[in-house]
1. When the residues of the stretch 18-38 are filtered to those that are without any contact (Cβ under 8 Å) to a residue 40 or more places away in the chain and part of a strand (DSSP E or B), which remaining residue is nearest to residue 193 (Cα to Cα)?
2. Considering each of 80, 87, 109, 99 in turn, give the residue that is farther than 23 Å from residue 59 by Cβ and at pLDDT 90 or above.
3. Considering 128, 193, 202, which residue is buried (at least 18 other Cβ atoms within 10 Å of the Cβ), modelled with pLDDT of 90 or more, closer than 17 Å to residue 33 by Cβ and touching a helix residue (DSSP H, G or I) at 6+ places or on another chain (Cβ under 6 Å)?
4. When the stretch 57-71 is examined, which residues are found to be closer than 20 Å to residue 13 by Cβ, surrounded by fewer than 16 Cβ atoms within 10 Å (Cβ to Cβ) and without any contact (Cβ under 8 Å) to a residue 24 or more places away in the chain?
5. Kindly evaluate residue 93 against the criterion of being touching a helix residue (DSSP H, G or I) at 6+ places or on another chain (Cβ under 7 Å), surrounded by 15 or more Cβ atoms within 10 Å (Cβ to Cβ), part of a loop (DSSP other than H, G, I, E, B) and at pLDDT 90 or above.
6. Within the set of pairs 6+ apart or on separate chains, which have a first residue in the stretch 180-197 that is at positive phi, a second that is assigned to a loop (DSSP other than H, G, I, E, B) and surrounded by 14 or more Cβ atoms within 10 Å (Cβ to Cβ), and C-beta atoms under 8 Å apart?
């Protein structure tokens, strides 16, 4: 890996069944502080890529380097200790615990005072501060997504993987969640944003990758992909452009 990249995925093949690869030679990279969007149709391998990066799925071939180290074969907790956090699409909070307890669970590997970290998260997500003693299972979908991101940020990661943060949210909440994602990135955290809402993701991404049948079919600056006729036709609903 070159020193310019925080994360580099090279020629990765991976899948859940032996000899059946969902990812078929993916190449992907993220620079420090960058926001990179991963878009594509259902079944293209977007979530599989996130799981492979975070050690939930071991690639059959290829390398995944984080901060210059090949992390293929490491367990998720070992990857967390190296400075990466992951927010899955579902089951991303502890419903029976309070908001505050969820944040504390997010910092389970850290042996430092947690109050300054919690205060930082509550400043970033004021709605969570208002509900700090409320059980996470009683929160709205948007609040749960904010809590899941806040929990991941308790580790102060260099890289945050977000898998479909806008899934099943109302349009207003989608806008709020994307605004929070942008703020997290502007504060210095690199983000990999796996997202069905291709237009919104590319509008704020430094760069984007279009996955197609397990391959990185098209990549480039977010704005360039927004204006790419093929991407527009396939993924953005080109006829709906403003």
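1. Here the answer is 29.
2. Just one listed residue meets the conditions, 99.
3. Selected residue: 193, the only one of 128, 193, 202 that is buried (at least 18 other Cβ atoms within 10 Å of the Cβ), modelled with pLDDT of 90 or more, closer than 17 Å to residue 33 by Cβ and touching a helix residue (DSSP H, G or I) at 6+ places or on another chain (Cβ under 6 Å).
4. 70
5. yes
6. 188/33
Residues are listed down the side, and each one gets a yes or a no for (1) closer than 19 Å to residue 224 by Cα; (2) in contact with a strand residue (DSSP E or B) (Cβ under 8 Å, 6 or more places away or on another chain); (3) assigned to a strand (DSSP E or B):
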| site | (1), (2), (3) |
| --- | --- |
| 149 | no, yes, no |
| 157 | no, yes, no |
| 169 | no, no, no |
| 175 | no, no, no |
| 180 | no, no, no |
| 192 | yes, yes, yes |
| 200 | yes, no, no |
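The values are calculated or read from the model by the stated rules, or taken from the named source; none is laboratory data. Treat the numbers as computed from the prediction; the structure is a model and nothing was measured. No Cβ is skipped: glycine too gets one built from the backbone with ideal geometry, and neighbour counts run over all protein chains shown.
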